[in-house]
1. Just checking, how many residues over segment 234-253 are surrounded by fewer than 19 Cβ atoms within 10 Å (Cβ to Cβ) and in a loop (DSSP other than H, G, I, E, B)?
2. What's the total number of residues in segment 61-117 that are more than 16 Å from Ile46 (Cβ to Cβ), open to solvent by less than 30 Å² (accessible area, probe 1.4 Å) and of a type in the set (Val, Ile, Thr)?
3. For segment 152-171, give me each residue that is aromatic (Phe, Trp, Tyr), open to solvent by 30 Å² or more (accessible area, probe 1.4 Å) and not in a loop (DSSP other than H, G, I, E, B).
4. Starting from residues that are at pLDDT 95 or above and open to solvent by 30 Å² or more (accessible area, probe 1.4 Å), keep the ones in segment 118-128 and report whichever is nearest to the chain's Cα centre (by Cα).
5. From Ser218, Ser228, grab the single residue that is within 27 Å of Ile50 (Cα to Cα) and buried (at least 22 other Cβ atoms within 10 Å of the Cβ).
6. Conditions: (1) open to solvent by 10 Å² or more (accessible area, probe 1.4 Å); (2) more than 13 Å from the chain's Cα centre (by Cα). Leu143 meets all but one. Number of the miss?
7. Go over the candidates Tyr174, Tyr195, Tyr136 one by one and state the one that is farther than 16 Å from Asn248 by Cα and in a helix (DSSP H, G or I).
Amino acid sequence: MFLCIKNKQVFLFSRRKKLLKDFISNGYIDIHSHLLPNIDDGSKSITETIDLIKSLENLGFKSAIATPHIYKAVWDNSRSDIENKYQNTLPDVTQNCNLSLHIAAEYMLDENFEKLLSAGNLLTLKNEYVLVEMSYLSPPIMLFDLLFELQLEGYKPVLAHPERYNFYHNHFEYYHKLKTAGCLFQMNLLSSTGYYGKHVAECADRLLKENLIDFVGSDVHHQNHIASFENKVLLKNSNSIPALVANNLFFEK
């Protein structure tokens, strides 16, 4: 809010905060979503998948990469599981939607991932770019070893929602260490609205301020996530979000 004084009269003006949907340009390429039905904690049915995709289209999404979790202890998916689900889902999507749907995976960095990496043939966002995540409780002991081995095999790690790892919020230097170790960062768009809490939003704001974010993603699981695109963006450094939205065009297929 700011003041304007004219003829001894005081007028109050407020700068309207933009809604998250205002940052989505037509043709947006989303690189993180959970749109495939009945495979993880995302869509629960083909009907829900179609509804979610239509909602994303209305926001300006042109393309989306569905990234089901591969997390042995919870969602024990394999590459073939994801590919089969995609082939079974695609005809309904093509018939009912205009959005271009693709697949990759969101890999949990754990001991099982080390085995998958040794076996080769990871399901990537595009070319050598692979989406990875960590437990919200604590980072894996072998985190930097895994990142090194991943790159040794020719992959480029894209860390999903770094702002949501609370254990780094008071140890911000680790974000810089991860970047130095070759990790790219994908921020969740909903973090900018405070959807995951104040501390996550504050961390996202600092990551943006220090130019540590490379890409953004919706991480959409359900209609509550869609509805949050109607919320205001709370971050001071939100002016950098449009450039990150544009960065996602790299993943166009």
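1. Selection size over segment 234-253: 5.
2. 3
3. Quick first cut of segment 152-171, residues aromatic (Phe, Trp, Tyr) only: 155, 165, 167-168.
Narrowing further to those that are open to solvent by 30 Å² or more (accessible area, probe 1.4 Å): 155, 167.
Within segment 152-171, just Phe167 meets the criteria.
4. Lys126
5. Working: Ser228 fails: buried (at least 22 other Cβ atoms within 10 Å of the Cβ).
Every option except Ser218 fails the conditions.
6. So Leu143 meets the others, but not (1).
7. Details: Tyr195 fails: in a helix (DSSP H, G or I); Tyr136 fails: in a helix (DSSP H, G or I).
Only one candidate passes the filter, namely Tyr174.
The values are calculated or read from the model by the stated rules, or taken from the named source; none is laboratory data. Keep in mind that what you see is a predicted model, and the values were worked out from it rather than measured. A quick note on method: Cβ atoms are made from the backbone with ideal geometry, for glycine too, and the neighbour counts reach across all protein chains shown. For the accessible areas, the whole protein counts, side chains as well, though only heavy atoms, and no ligand, DNA or RNA atoms are used. Shrake-Rupley method; radii C 1.70, N 1.55, O 1.52, S 1.80 Å.
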